Amino acid sequence: MNLGQMSGPRPVVLSGPSGAGKSTLLKRLMKEYEGVFGFSVSHTTRNPRPGEEDGKDYHFVTREKMQEAIDNNELIENAEFSGNMYGTSKSSIEDVQAQNLICILDVDIQGVRNIKETDLNPIYISIQPPSMEILEQRLRDRKTETEESLQKRLEAARIDMELSKEEGVFDLVIINDDLDEAYEKLKSVLIEEIQKVQDAKK
Ligand code: ADP
Ligand code: 5GP
């Protein structure tokens, strides 16, 4: 199976610590550019948060189901994050690519490394918080995590912040301090691909 398209827009991988603002930026992008982006819906074993929809935000599955998908070679990558399993299925990417949309993947740093071993050829963007203190505050204010889950995410964030500084891992690192500024940066790096999709529709 070939996930690296010869034509069509390049996929985009968004990564960065939990709480850095990936979903916030992504939702804004998908709203402004309706019919341009398609979200690759990952599998996860974590519980849905209030407002999250199965099949839209994630495919919420049991560990058994996740393991089955791994065993059946249905995933292009999978990782353990903060005590839960996460993975990207081939079909979640293909569903988006079949519509000629820019496929957006939201994955952790392990996902970034594993996707680099595939032929997907995405644009890699890291969203980073201004500081650990601000990240912690945003995660606390989001009120989605238990204290244990919060601490695990902060630990993972320290590792992510270190690794994402490495040369050549990301095409662009955006510090999400002021949301509007971060959003403009994200848009500007994607404008060429956005244009491609819009032109194809004409
Ligand atoms: P992620 O998807 O990376 O885990 P979220 O998009 O859920 O992060 O953002 C974490 C929290 O921080 C959310 O409550 C969100 O509203 C808030 N947030 C995101 N960006 C900013 C920003 N630039 N300034 C202040 N708060 C922000
Ligand atoms: P959350 O539980 O906050 O939705 O996500 C936690 C972390 O898992 C985030 O860093 C997010 O990017 C990552 N993640 C979400 N889906 C996937 C996936 O399919 N694969 C990998 N490797 N990470 C994922």
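The values are calculated or read from the model by the stated rules, or taken from the named source; none is laboratory data. These numbers were taken from a predicted model, which means no experiment stands behind them. Note that each Cβ is placed from the backbone with ideal geometry, even for glycine, and that neighbours are counted across all protein chains shown.
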> Does any residue of segment 23-31 turn out to be of a type outside the set (A, V, I, L, M, F, W, C) and within 10 Å of ligand 2 (Cβ to nearest atom)?
Replying inline: yes
Residue hits (segment 1-54; among the charged types (D, E, K, R), within 14 Å of ligand 1 (Cβ to nearest atom) and in a helix (DSSP H, G or I)) are K22, K27, R28, K31
Per the list (1) farther than 14 Å from V13 by Cβ; (2) among the aromatic types (F, W, Y); (3) in contact with a Leu (Cβ under 9 Å, 6 or more places away or on another chain), residue check on F81 breaks on (3)
Is one or more of the residues making up segment 115-138 out of contact with any strand residue (DSSP E or B) (no Cβ under 7 Å at 6 or more places or on another chain), charged (D, E, K, R), within 23 Å of T88 (Cα to Cα) and in contact (Cβ under 8 Å) with a residue 60 or more places away in the chain? yes
Scanning segment 117-138 for residues that are part of a helix (DSSP H, G or I) and either more than 9 Å from ligand 1 (Cβ to nearest atom) or at pLDDT below 95 (or both) gives M132, E133, E136
For segment 29-40, the count of residues that are under 22 Å from D160 (Cβ atoms) and not small (G, A, S) equals 2
Being over 23 Å from L172 (Cα atoms), within 12 Å of ligand 2 (Cβ to nearest atom) and modelled with pLDDT of 95 or more narrows N114, N84 down to just N84
Inside segment 147-157, the number of residues satisfying the requirement of being surrounded by 13 or more Cβ atoms within 10 Å (Cβ to Cβ) and more than 18 Å from the chain's Cα centre (by Cα) is 4
Across segment 55-94, the tally of residues that are touching a residue at least 24 places away in the same chain (Cβ under 8 Å) and either at positive phi or not in a strand (DSSP E or B) (or both) stands at 7
Counting only residues in segment 8-60 that are aromatic (F, W, Y) and within 23 Å of K116 (Cα to Cα), the one surrounded by the most Cβ atoms within 10 Å (Cβ to Cβ) is identified as F37
Across (1) buried (at least 21 other Cβ atoms within 10 Å of the Cβ); (2) near ligand 2 (Cβ under 8 Å from one of its atoms); (3) under 25 Å from D119 (Cα atoms), A79 clears everything bar (1)
Going through segment 139-179 in order, the residues found to be assigned to a loop (DSSP other than H, G, I, E, B), in contact (Cβ under 8 Å) with a residue 24 or more places away in the chain and away from ligand 2 (no atom under 12 Å from the Cβ) are V169, F170, D171, N176, D177
